[in-house]
Amino acid sequence: MSEAPKTTAAGTVLSVVIPMYNEEEVLPALVSRLRPVLAGLGVEHEVVAVDDGSTDRTAELLAAFRLGWPQLRVIGLRRNSGHQAALTAGLDRSLGAYVVSIDADLQDPPEKIPEMLALARAESLDIVYGIRADRASDTGFKRWTAGLYYRLVRRLAGPSVPAQAGDFRLLSRAAVDALKALPDQQRVYRLLVPWLGFPSGEVTYERAPRPAGQSKYPLGRMIRLALDSVTGFSAAPLRIATWLGGFAFLVCLGLMVYTLSAHAFQHTVPGWTSLFIGVLFIGAVQLVCVGLLGEYVGRIYTAVQNRPTYFIGHDTAAGGHDREAVGAGGGTAAQAGAGASVPSPAGPPEGSEDAAARREQGLRQRS
């Protein structure tokens, strides 16, 4: 990036995007720490809180905080669409020349935002990653699975993926626009952002324990994230299936030779164990291969459907009446029945040649 990006709307320099789902317990602490940090920057900013269909008092608390915090902007999704979809909604609708994404759990310190912005401006960077230099606050199992995940994705997607970098990052407007142009539906920004290849830097910090509430990334969602990362960014599992199939074929050849030898020496009864194990092994390999193929076929099916990633229920920046669906790549399409401009079925629009001819004919008939 040759020069710092210009602001995009009303002089907004910085947007802070925060996906939220059932965060009523931690929300007051988040506001008390984030607001003074942003006020100290001395630049025009906005805080885009994306309520991902929360079922607790998150939406109510956001409305209350907004009364005394004009920079707070609330986007409500119609249903729970997932963390990455909520993050997409915030990025798509952010206005700042720089956009910082951060989770609401305060495990990533908002006090690092000024350092990120200063680094991006000083070195003309499009991306600044927040790197977790110390994860002592996490459980041993969490650290082990996170390390395994990052080793896996770095091996599949390349060393450009920074280790121990979550969704706490700063993006320039050019990087945000590039992400919006991508057609991916099941997005994993930990892989998409490094793939852009924009100039980047890093800011390290110690990951703090969550002060309140519960983690929104249990084991099941972590596994789903890993599957989306692998199948959405690499065809390596398909090659693994091919290698497993080749290995199973060699095992079958060995068992066939063993079976023919046992038959020749009339030792057929002892061969039952090896045959049984061979059948089980081949069946397991086939199921693994079919499962891997199913993951990719499922992604193709989702892409063909081209359903919107999320539905906007309201956006306080639009007076609370803005409703639209956003699909793959951030492209927008007006939601049916939500104020979309639809041609009138009554006939041609007023002022057209056909309409003028109709009026003239009606005048002649009446006269």
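Here are a few things to note about the model shown:
- Largest accessible area first, the listed residues GLU46, GLU206 line up as GLU206, GLU46 when surface is computed with a 1.4 Å probe on the assembled protein chains.
- Long-range HN-HN contacts of GLU202 with modeled amide H, under 5 Å: TYR129
- Residues with amide H under 5 Å from that of ASP56, placed H, sequence gap 5 or more: ASN22
- What the Cβ-Cβ distance of VAL297 and LEU67 gives, at R0 = 45 Å and to the nearest 0.05, is a FRET efficiency of 0.35.
- Paramagnetic reach from GLN214 (point 7 Å along Cα→Cβ, amide N under 19 Å) across the range 68-86: 80-83
- Residue-wise HN-Hα couplings along the range 104-112, as the Karplus relation 6.51 cos²θ - 1.76 cosθ + 1.60 with θ = phi - 60° gives them from phi, are 7, 7, 6, 6, 9, x, x, 5, 7 Hz; Gly and Pro carry x.
- Under-5 Å amide H pairs with GLY96, H placed in peptide plane, nonlocal only: SER15
- Of the trypsin sites (Lys or Arg not before Pro) found in the range 36-97, those in coil by DSSP whose Cβ has at most 13 other Cβ atoms within 10 Å are ARG79.
- Nearest-0.05 FRET efficiency for ASN306 and VAL37, computed from C-beta distance (R0 41 Å): 0.55
The values are calculated or read from the model by the stated rules, or taken from the named source; none is laboratory data. Quantities reported herein were computed from a predicted structural model and do not represent experimental measurements. Counting neighbours? That spans all protein chains shown, and the Cβs are built from the backbone with ideal geometry, glycine included. When the accessible area is computed, the model is the full protein with side chains, heavy atoms only, and any ligands, DNA or RNA have been set aside. Shrake-Rupley method; radii C 1.70, N 1.55, O 1.52, S 1.80 Å.
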